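The block underneath contains the structure these notes are about, expressed in structure tokens.
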Amino acid sequence: MFRRLLPLRRCLSTSTSSSATPTLYSSGTTPVSILSWGRGASGQLGGGKEERRLYPSPVAHLSLPDPGPVLSPTPGRLPDAAAGTAGGVEVGISCGLFHSAVIVDGGAWVWGKGDGGRLGLGDESSAFVPRHNPNLSELRVLALGGIHSAALTASGEVFTWGYGGFGALGHYVYHRELLPRKVNGPWEGKVSHIATSGAHTAAITDSGELYTWGRDEGDGRLGLGSGGGPGEAGSLSVPSKVNTLPVSVAAVACGGFFTMALSSDGQLWSWGDEGVVLSWGHGGHGQLGHPTLQNHRVPLAIKALSDERIVYIACGGSTSAAISEKGDLYMWGNARDCQLGVPGLPEIQPLPVKVNFLTDGDEDLGPYRVISVAIGASHAMCLVSRQQNEK
């Protein structure tokens, strides 16, 4: 039987900004880099102009004190009990629909599309290079959504900003906020974890209670029962407690039309339109990592990764990624905008492919080791470290 081959899409530009890659933070000698790739028509690649990047290319550098970077809390990831005693500077990255951000030592740099005020800089201008946001400090988590953003501070306060349609900001009103504004939720105590997606947001208190707000459309993504909220498209602008969960929640992740939560003992709960890596759902762009493009209603192991111990996973748009214990990055799914970081792929890449990194000729540094990855609609970013070679 003959099978029609999918056409290859050529990415026409691999260029980066002509200016030197900036160093955003310098307080030591351990080098860490932020790399981006894919389509950057709105500045979300951070290279200073509209471009497509075939390969992961530097956005910015960090120089950190020993023992190097400590990952900041990430939506969907259980808290690391040892993180508080590990020392080091906390670093984290996030991709929204068409904007990007990095946290370093509690401060934030943002770039990309600015309409709706999603960058939190006080206007709706786009930023094509990383800009320090002076309105944010002492951050633990920065979660970027569709046209809005959310942040969690070290003191347990939640701030949101950007487009407020569908109640995504949780401020009881539906207008936009150009600057970060505190969410005065009905919870008691501090918030310990947040997540957001296209237009809904979730927060977990230090006692394990889960609150959600934003868009629902009757698909149940808020976990508050059928019918959604009272606002437009079933939206709810007031943070509300999810009372039906019978467990204490430790981590939460928001997808486009669904929500997933982890209990402290590792139980996975999901609701909405719905070392071994499992995937399920719509597979039309190859984002499930299986040999076929079929949809799957139940979790299936990704056999192509069965020989690797996976320590980090991420999903975004129609693209997926995984990081191995060795620090290798694998990606699969929609490659239309070069967002897999591997040139020459068909538009749909159903099986995981390893992403290779171009070296800059610095022989004093060892190979790249990927620490974390984040995925937007048509672009992706990762944090990488390189150790000094012994002489």
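Can you give the convex hull volume per residue for the Cα atoms of the range 166-219, as a whole number of Å³?
96 Å³
Using the beta-carbon distance between Ser26 and Leu358 and R0 = 22 Å, what value does 1/(1 + (r/R0)^6) give for FRET efficiency, to the nearest 0.05?
Computed FRET efficiency for Ser26 and Leu358 comes out at 0.40.
For Tyr330, what is the net charge nearby, where nearby means another residue's Cβ is under 10 Å from its Cβ and Lys, Arg count +1, Asp, Glu -1?
Neighbour charge sum, excluding Tyr330 itself: -1.
Can you give me the distance in nm between label points at Val238 and Asp206, each placed 7 Å from the Cα along the Cα-to-Cβ direction?
2.7 nm
Mind checking which lysines have their C-alpha under 27 Å from Lys241, skipping anything on the same chain fewer than 8 residues away?
Lys182, Lys190
Give me D for the range 53-154 in µm² s⁻¹, whole number, from Stokes-Einstein with Rh from the Kirkwood sum over alpha-carbon pairs, 10 °C and 1.306 mPa s.
Answer from the Stokes-Einstein relation: 111 µm²/s.
State, in angstrom, two size descriptors of the range 304-361 derived from its alpha carbons: Rg to one decimal place and Dmax to the nearest whole number.
Taking only Cα atoms of the range 304-361, I get Rg and Dmax of 11.5, 34 Å.
Determine which lysines satisfy two conditions relative to Lys326: a Cα distance under 19 Å, and not lying fewer than 8 residues away in the same chain.
By straight Cα distance, Lys326 reaches Lys303, Lys354.
Kindly report the accessible area of the range 61-192 per residue (heavy atoms of protein chains, probe 1.4 Å, no ligands, DNA or RNA), in Å².
39 Å²
The values are calculated or read from the model by the stated rules, or taken from the named source; none is laboratory data. Keep in mind it's a predicted model, so treat the numbers as computed, not measured. Backbone-built Cβ (ideal geometry, glycine too); neighbour counts: all protein chains shown. Please note that ligands, DNA and RNA were not included when accessible areas were found on the heavy atoms of the full protein model with its side chains. Shrake-Rupley method; radii C 1.70, N 1.55, O 1.52, S 1.80 Å.
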